[in-house]
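> Below: one structure in structure tokens.
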Amino acid sequence: MSDKTIYAIYDDDYVLLESAKHLVAKGVHIRDVFSPFPIHGLDPVIGLKRTRLAIAAFIYGMIGVSLALTGMWFFMIQDWPLNIGGKPNFSLFTNIPSFVPVTFEFGVLCAGHGMAITYLLRNWTLPGFKAKNPYPRTTDDQFVMEIHASDSELSAEEIKALINETCVVEIDEK
Amino acid sequence: MHKEAAIREPLILGDDVTYSKITEDVLHAIEHEPTKLWKVLMTIATIVALWGVCSILYLLGTGIGTWGLNNTMGWAWDITNFVWWVGIGHAGTLISAVLLLFRQKWRMAINRPAEAMTIFAVFMAGLFPMIHMGRIWMAYWVLPLPNQFGSLWVNFNSPLLWDVFAISTYLSVSLVFWYIGLIPDFATIRDRAKKPVPKLMYSLLSFGWTGNAKAWQRFEEVSLVLAGLATPLVFSVHSIVSMDFATSIVPGWHSTIFPPYFVAGAVFSGFAMVQTLMLIARKAMRLEYIITVKHIEYMNIVIIVTGGIVGVAYATEFFIGWYTGVQYESYVYMSAGAATGPYAWAFWSLIFCNFIAPATLWIKKLRINLTWTFVLSIIINIGMWFERFDIIVTCLSRDYLPSTWRMFFPTWVDIGVYIGTIGLFSVFYLLFLKFFPVLAFNEVKTILKSSGERYKNMSDEEFKKLHPVFKKDIK
């Protein structure tokens, strides 16, 4: 059978969430959901794994911290040790207390920006990109499920019948 | 469905609030012609900002000598204004980051405008150290770049350099945090826009956001982690600003209490500024049902707490001034220094504005009185400016050698630059109110069912009747 994309349009997040639970229990695979705001509790229902962005942020942060420390070691201790007010810079270890602020700030800078860039790339959202939400009102007050008939063993007709049991506003096929 | 305790007051008022009503009302300003009030305010702000720009250009062309500085007073209004603006910025991050970590739902109505305030305030703050350099085109010398002098590097032991890193990190991370929250809201405007120019503009601004489940999951994760990063950041920034003073040996500056004292003061003044801006904006944009009196009261409570910390810090400074037995310290605090010296008027304005006037907020009637809140927010803004003026000018004017004692008198350039930044800030803020979604309305929608008045008083049966899941349930 050809791959049919079924869009089930709801007008409430709660109704969509409960309907999604019902459909998944009957063996329907929900490919995606478009909504104007995050629907809490939906991710495990449609089988989304937790994002690893936080781990990425941690790694970026650590890179920032090591870069800052290496940089300051080079500038202040290796390349040109200055003697300021009779307090010379001898080793990284003895100087570390006054390096803490910049190390922290640079770590945060790298973690924040690295994570933001990764986030934008993973979502594939950058200036000039075309939006792919199927209906414009999904950014206002509509909630849409995207179901591909080929994803589950049920036929398109069976899926539509199941959706019709719930309080769906409209079913669309593309 | 997640329900809140019934004892909590609703955060979205009205029995007719729906998702689309929230969108309509918040985007009204963007989708309609600007009002007369907006045009009048914009004109005034632009004139004031232009005056500021002219003052800055004159200053850059002629030199720092146009300020009222002298050998004793190497720092005065410029750094006062710098610390004042950075302090104002702190409320935005506190609301959007700290309150997010604490899962405070009332933050959602005010985080966007408060963060916008943060960003514009930090812009203004950053301007002052830059123009204080005199030769602003050399500003890049604060960065550790290879150069022809050796390379001679910047001094990483100096709090002034820590400031460079702190302020630039703070500004850019706040900007990113703010913008990531704005993307979904821009997408809503894009999908509603009918005219081609706004459509194109908001398409570009919204980065092609689709709002699918995975994107929202990532959105929430990014918001949480950025909040976790921004929280220590916001505390570090003003701590570092305070170290500009605390690590020097000027009596009155050399004080270990400065970092927490400055952070509390920053949040205190920032919340006052949020009150000033929000009380006007909610009225002018008819958003009283989203930014409710309860929100105003919550912010007033934060003002009481942080104002209390500031009050305790004042008392501690005086106590330590006496307790250390250092004559220079006790001179600043006890005798002809602050309270009775030539700057006594500034000192007593500070005590009145930051200590006596905010104490009225302990009375609930005054705490929920919008007129008084507005008046008080202006008083606190003035008081916090005086606090920085007191610390900087009073302490410098009476240092170790009586022969170097000087007074500081601002010139028209000092005043012009300061007033000008207020104008410039207002121009940015008015543009934000007109062209940007003023509230994080898509986030506000998530709390409609748990904290909206319409749903709060509803029993489970009534809710299921309103939102039936299965067609067979409808009778």
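> If you go through segment B:120-154, how many residues are of a type in the set (A, V, I, L, M), within 23 Å of A:ILE84 (Cα to Cα) and within 28 Å of the chain's Cα centre (by Cα)?
4
> Pairs only if they're at least six apart or on different chains, beta carbon under 8 angstrom, first in segment A:128-141 and more than 7 Å from chain B (Cβ to nearest Cβ), second part of a loop (DSSP other than H, G, I, E, B); list them, first residue then second.
If the second residue must be part of a loop (DSSP other than H, G, I, E, B), the pairs left are A:PRO134/A:LYS174; A:TYR135/A:GLN142.
> So which of B:VAL274, B:VAL267, B:VAL302, B:VAL310 is touching a His at 6+ places or on another chain (Cβ under 6 Å) and surrounded by 15 or more Cβ atoms within 10 Å (Cβ to Cβ)? Working first, answer last.
On the way: B:VAL274 fails: touching a His at 6+ places or on another chain (Cβ under 6 Å); B:VAL302 fails: touching a His at 6+ places or on another chain (Cβ under 6 Å); B:VAL310 fails: touching a His at 6+ places or on another chain (Cβ under 6 Å).
The unique qualifying residue is B:VAL267.
> Looking only at segment A:79-97, which residues are within 9 Å of another protein chain (Cβ to nearest Cβ) and in a strand (DSSP E or B)?
A:ILE84, A:LYS87
> Condition first: at the interface with chain B (Cβ under 10 Å from one of its Cβ atoms), in contact (Cβ under 8 Å) with a residue 60 or more places away in the chain and surrounded by fewer than 19 Cβ atoms within 10 Å (Cβ to Cβ). Now tell me which residues in segment A:147-167 satisfy that.
At the first step, the residues of segment A:147-167 found to be at the interface with chain B (Cβ under 10 Å from one of its Cβ atoms) are A:164-167.
Within this subset, residues satisfying the condition of being in contact (Cβ under 8 Å) with a residue 60 or more places away in the chain are A:165-167.
Selection gives A:GLU165 alone.
> Oh, and also: Name the residues in segment B:357-406 that are aliphatic (A, V, I, L, M), closer than 18 Å to B:GLN275 by Cβ and outside any helix (DSSP H, G or I), would you?
Listed by number, the residues that qualify are B:ILE363, B:ILE368.
> Assuming B:PHE409 fulfils every condition listed in (1) in a loop (DSSP other than H, G, I, E, B); (2) aromatic (Phe, Trp, Tyr); (3) free of Cβ contacts under 8 Å to residues at least 60 places away in the same chain apart from one, which condition is it?
Status for B:PHE409: all satisfied but (3).
> Condition (residue is among the charged types (D, E, K, R) and in a loop (DSSP other than H, G, I, E, B)) applied to segment A:51-66: is it met by at least one residue? Can you show your working first?
So in segment A:51-66, the residues among the charged types (D, E, K, R) come out as A:52.
Narrowing the set further to residues that are in a loop (DSSP other than H, G, I, E, B) leaves A:52.
The answer is yes; a qualifying residue exists.
> Right, here's the next one. Being touching a Phe, Trp or Tyr at 6+ places or on another chain (Cβ under 7 Å), closer than 25 Å to B:LEU127 by Cα and among the aromatic types (Phe, Trp, Tyr) narrows it down to one of B:TYR429, B:TYR400, so name that one. Working first, answer last.
Details: B:TYR400 fails: closer than 25 Å to B:LEU127 by Cα.
The match here is B:TYR429.
> Would you pick out the residues in segment B:186-235 that are within 23 Å of the chain's Cα centre (by Cα) and at the interface with another protein chain (Cβ under 7 Å from one of its Cβ atoms)?
Correct list: B:VAL222, B:VAL225, B:LEU226, B:LEU229, B:LEU233.
> Anything in segment B:19-48 that is assigned to a loop (DSSP other than H, G, I, E, B) and without any contact (Cβ under 8 Å) to a residue 12 or more places away in the chain? List them, or say none. Talk me through it step by step, then tell me what you get.
Going residue by residue through segment B:19-48, those that are assigned to a loop (DSSP other than H, G, I, E, B) are B:32-35.
Across segment B:19-48, the qualifying residues are B:HIS32, B:GLU33.
> Okay, moving on. Assess whether B:THR256 counts as being facing another protein chain (nearest Cβ under 7 Å) and more than 25 Å from B:ILE379 (Cβ to Cβ). Full working, then the answer.
Values: facing another protein chain (nearest Cβ under 7 Å): no; more than 25 Å from B:ILE379 (Cβ to Cβ): yes.
It is false that B:THR256 is facing another protein chain (nearest Cβ under 7 Å) and more than 25 Å from B:ILE379 (Cβ to Cβ).
> Something else: For segment A:51-70, enumerate the residues that are under 15 Å from the mean Cα position of the chain (by Cα) and polar (S, T, N, Q).
Result: A:THR51, single match.
> Here's something else I'd like to know. Given the conditions (1) more than 10 Å from every other protein chain (Cβ to nearest Cβ); (2) farther than 24 Å from B:ASP163 by Cα; (3) buried (at least 19 other Cβ atoms within 10 Å of the Cβ), report the number of the one that B:HIS238 does not fulfil.
Of everything listed in (1) more than 10 Å from every other protein chain (Cβ to nearest Cβ); (2) farther than 24 Å from B:ASP163 by Cα; (3) buried (at least 19 other Cβ atoms within 10 Å of the Cβ), B:HIS238 misses just condition (2).
> So which residues in segment A:19-37 are within 30 Å of B:ALA440 (Cβ to Cβ) and outside any helix (DSSP H, G or I)?
So in segment A:19-37, the residues within 30 Å of B:ALA440 (Cβ to Cβ) come out as A:19-21, A:30-37.
Across segment A:19-37, the qualifying residues are A:ILE30, A:ARG31, A:ASP32, A:VAL33, A:PHE34, A:SER35, A:PRO36, A:PHE37.
> Next question. State which residue is nearest to the other protein chains (Cβ to nearest Cβ) when the search covers only segment B:451-462 and only residues that are assigned to a helix (DSSP H, G or I) and over 39 Å from the mean Cα position of the chain (by Cα).
Initially, segment B:451-462 is screened for residues assigned to a helix (DSSP H, G or I), giving B:451, B:453-456, B:460-462.
Now narrow it down to the ones that are over 39 Å from the mean Cα position of the chain (by Cα): B:460-462.
Details: B:ASP460: 12, B:GLU461: 14, B:GLU462: 13 Å.
The selected residue is B:ASP460.
> Using beta carbons and a limit of 8 Å, which pairs, at least six apart or on different chains, have the first residue in segment B:155-169 and within 7 Å of chain A (Cβ to nearest Cβ) and without any contact (Cβ under 8 Å) to a residue 24 or more places away in the chain and the second one among the polar types (S, T, N, Q) and crowded, with 24+ Cβ neighbours inside 10 Å?
So the pair list comes out empty.
> Looking at this structure, is B:GLY52 surrounded by fewer than 14 Cβ atoms within 10 Å (Cβ to Cβ) and over 24 Å from B:ARG282 (Cβ atoms)? Full working, then the answer.
On the way: surrounded by fewer than 14 Cβ atoms within 10 Å (Cβ to Cβ): no; over 24 Å from B:ARG282 (Cβ atoms): yes.
So B:GLY52 does not fit the description; no.
Residues checked against (1) under 27 Å from B:LYS464 (Cβ atoms); (2) away from chain A (no Cβ under 14 Å); (3) of a type in the set (Lys, Arg):
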| site | (1), (2), (3) |
| --- | --- |
| B:ARG8 | yes, yes, yes |
| B:TYR19 | yes, no, no |
| B:THR23 | yes, no, no |
| B:LEU27 | no, no, no |
| B:ILE30 | no, no, no |
| B:GLU33 | no, yes, no |
| B:TRP38 | no, yes, no |
| B:ALA45 | no, yes, no |
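> Specify which of the listed residues (A:VAL65, A:VAL100) is of a type in the set (Val, Ile, Thr) and within 11 Å of chain B (Cβ to nearest Cβ). Outline the logic, then answer.
Values: A:VAL65 fails: within 11 Å of chain B (Cβ to nearest Cβ).
Residue meeting the stated conditions: A:VAL100.
> Please verify whether B:TRP372 is of a type in the set (A, V, I, L, M, F, W, C) and surrounded by fewer than 16 Cβ atoms within 10 Å (Cβ to Cβ), treating the condition exactly as stated. Don't jump to the end; show me each part of the working.
Numbers: of a type in the set (A, V, I, L, M, F, W, C): yes; surrounded by fewer than 16 Cβ atoms within 10 Å (Cβ to Cβ): no.
No; evaluated as a whole, the condition is false for this residue.
Residue-wise test of (1) farther than 30 Å from B:PHE235 by Cα; (2) within 14 Å of another protein chain (Cβ to nearest Cβ); (3) of a type in the set (Lys, Arg).
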| residue | (1), (2), (3) |
| --- | --- |
| B:GLY14 | yes, no, no |
| B:TRP51 | yes, no, no |
| B:LEU60 | yes, no, no |
| B:LYS105 | no, yes, yes |
| B:ASN111 | no, no, no |
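Here, each number is a calculation from the coordinates, and none is a lab measurement. Predicted, not measured: the structure shown is a model, and the values here were computed from it. We place every Cβ from the backbone using ideal geometry, glycine too, and count neighbours over all the protein chains shown.
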